[in-house]
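A.B. asks: One structure follows; several queries about it will come next.
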Amino acid sequence: MDASAAKLIGAGLATIALAGVGVGIGNIFGSFVQGALRNPEAAPRVFGNVLLGFALTEAVALFALVIAFMILFVF
Amino acid sequence: MAEMHSPMEQFEIKRLLTWKIGGLDVSFTNSSSWMIIAVILATAVFVVGMRRRALVPGKLQSAAEVGYEFIAGMVRDNVGDEGKKYFPFILTLFIFILFCNVLGLVPYSFTVTSHIVVTFAMAIFVMVGVTLIGFARHGLHFLSFFVPKGVPAALLLLLVPIEIISYLIRPFSLSIRLFANMLAGHTMLKVFGGFVVMMGLLGGWAPLAFIVVLTGLELLIAFLQAYVFAILTCLYLNDALHLSH
């Protein structure tokens, strides 16, 4: 196979990580809404943690992006 | 039609003044200039804002006070009273990253934090500092941090290397998180900016509207990443100070 074609396929494969990140972020906000509906008074207190969890999960997607960029531009 | 630019072009480092010390390239670049602008603006907000020290704060003073209170609360909640000594450092770190991130959103500006060199320098500084604090405080007992409690001895053989590796990976994840967020966000803005030009006067409005929304999201991310960097620094510091597990 042509090396540049393999690069494109590899970069595309790197984006599979987004599946896990989608589940993760959905889980975070889903759980937050569920918890917030059960106990609305406690909701503002955990929102900081929600954002922290969101940022940490989103970072995984960005690691995949960095890998895709590395495959495309570095090698 | 304007010539097409690569979305990566905005991250290029340009030398504004070329300086050389020995074989070392210490040129004054656009990156350095935006760092200096960020530092000057941040200092101005705090110095000018707090100059009057009014009992009923004005706009700038309350901005400075909110920032201070926010980080002070964060350090208090996550590190405890012993964290007070390190509060100035964490406030500086947070404000610097916040200003660099937000200034990067100004059109034609340069995002300092979109370069891994910058973020990695900050992250490795934090991690080396935290490790030194841990050793200074607990001596060799700090190494017990890598040994999880209540685990059978056979499993320790597996767990201790994992703990050590996860500790060593922290500066990388800390720096890549910030850098990749900035890189991805700004690349995405540029890609959609390219769509506006491509779709022309009739169809270009849809991506333009999307860019407006995206810029709002980027503003949130700019703040969030500064917050995450600061709070993770707090958590790492707390680990070193209290050997929590």
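Every number here is computed from the coordinates shown, using simple stated rules; none is lab data. Note that the structure is predicted; figures quoted are calculated from it, not measured. All Cβ positions, even for glycine, are placed from backbone atoms using ideal geometry, and neighbour counts span all protein chains on display.
A.B. asks: Karplus couplings for the stretch B:27-42 from phi (6.51 cos²θ - 1.76 cosθ + 1.60, θ = phi - 60°), rounded to Hz, Gly and Pro as x?
C.D. replies: Taking θ as phi minus 60°, the curve returns 4, 7, 9, 4, 4, 4, 5, 6, 5, 5, 4, 4, 5, 5, 5, 4 Hz for the stretch B:27-42.
A.B. asks: Label B:Leu157 and B:Val212 with points 7 Å out from Cα along Cα→Cβ: what is the distance between them in nm?
C.D. replies: The modelled label-to-label distance comes out at 6.4 nm.
A.B. asks: Per residue, how much space in cubic angstrom lies within the convex hull of the C-alpha atoms of chain B?
C.D. replies: Enclosed volume per residue, from the Cα hull, is 203 Å³.
A.B. asks: Could you give me the ³J(HN,Hα) list for the stretch A:29-41, computed from phi with Karplus coefficients 6.51, -1.76, 1.60 and θ = phi - 60°, whole Hz, x at Gly and Pro?
C.D. replies: These are the phi-based 3J(HN,Hα) values: 6, x, 5, 5, 5, 4, x, 5, 6, 6, 9, x, 5 Hz.
A.B. asks: Another question, then. Would you work out which of B:His141, A:Gly26, B:Phe120 lies farthest towards the positive end of the dipole of the protein assembly as shown? Charges go on Cβ: Lys and Arg +1, Asp and Glu -1.
C.D. replies: Toward the positive end, the furthest listed residue is B:His141.
A.B. asks: Hey, another quick one. Would you be so kind as to identify which of B:Met199, B:Leu217, B:Pro57 lies farthest towards the positive end of the dipole of the protein assembly as shown, taking Lys and Arg as +1 and Asp and Glu as -1 on Cβ and the Cα centre as origin?
C.D. replies: With unit charges placed on the Cβ atoms, the residue in question is B:Pro57.
A.B. asks: Extension gain B:Phe146-B:Ile165, at 0.36 nm per residue separation less the Cα-Cα distance, in nm?
C.D. replies: Working it through step by step, the gained length comes to 5.9 nm.
A.B. asks: Give, as ranges by residue number, the residues of the stretch B:206-245 whose backbone N falls under 17 Å from the point 7 Å along Cα→Cβ of B:Ala136.
C.D. replies: Inside the label zone: B:234, B:236-243.
A.B. asks: Moving to a separate point now. So, R0 is 30 Å and r is the distance between the beta-carbons of B:Leu24 and B:Phe125; what FRET efficiency does that work out to, to 0.05?
C.D. replies: 0.90
A.B. asks: Determine the shape class of the stretch B:91-132: with a ≥ b ≥ c the square roots of the Cα gyration tensor eigenvalues, call it rounded for a/c under 1.5, and otherwise prolate if a/b is greater than b/c, oblate otherwise.
C.D. replies: Because a/c hits 1.5 or more and a/b fails to exceed b/c, the stretch B:91-132 counts as oblate.
A.B. asks: When Rg is the radius of gyration of the Cα atoms in the protein assembly as shown and Rh is its Kirkwood radius, what does Rg/Rh come to?
C.D. replies: 0.99
A.B. asks: Of B:Gly80, B:Gly203, B:Gly49, which has the largest mean-square fluctuation in a 10 Å C-alpha GNM of chain B?
C.D. replies: B:Gly203
A.B. asks: With θ set to phi - 60° and the Karplus curve 6.51 cos²θ - 1.76 cosθ + 1.60, what are the ³J(HN,Hα) couplings of the stretch B:166-172 in order, to the nearest whole Hz, using x for Gly and Pro?
C.D. replies: Ordered by residue, 3J(HN,Hα) equals 5, 5, 6, 7, 3, x, 5 Hz.
A.B. asks: Also, quick follow-up: Can you work out the PRE-style zone for B:Ser33? Point 7 Å along Cα to Cβ, and I want the residues of the stretch B:79-117 with backbone N under 14 Å.
C.D. replies: Output list for this probe position: B:108-112.
A.B. asks: Then there's this: Looking only at B:Ala121, B:Ala153, B:Ala206, which one moves most when chain B is put into a Gaussian network model with springs between Cα atoms under 10 Å?
C.D. replies: Result: B:Ala153 has the largest fluctuation of those listed.
A.B. asks: Would you calculate a helix-derived [θ] at 222 nm for chain A, using -39,500 (n - 2.57) for each DSSP H run of n ≥ 4 and dividing by the full residue count, to the nearest 500?
C.D. replies: So the helix-based figure for chain A works out to -28000 deg cm²/dmol.
A.B. asks: Taking beta carbons within 10 Å but only from partner chains, what does the mean come to for residues B:119-132?
C.D. replies: 0
A.B. asks: Take the Cβ-Cβ distance between B:Phe192 and B:Phe172 as r, set R0 to 35 Å, and report the resulting FRET efficiency rounded to the nearest 0.05.
C.D. replies: That gives a FRET efficiency of 0.75.
A.B. asks: Can you list residues from other chains, or at least 5 along the same chain, whose modelled amide H is less than 5 Å from the amide H of B:Ser27?
C.D. replies: Long-range HN contacts for B:Ser27: B:Trp19.
A.B. asks: Follow-up. Using the Cα centre of chain B as the reference point, and only Cβ charges (+1 on K/R, -1 on D/E), how large is the resulting charge dipole? Debye, rounded to the nearest 20.
C.D. replies: 500
A.B. asks: Convex hull over the alpha-carbon atoms of the stretch A:3-74: what's its volume per residue in Å³?
C.D. replies: 53
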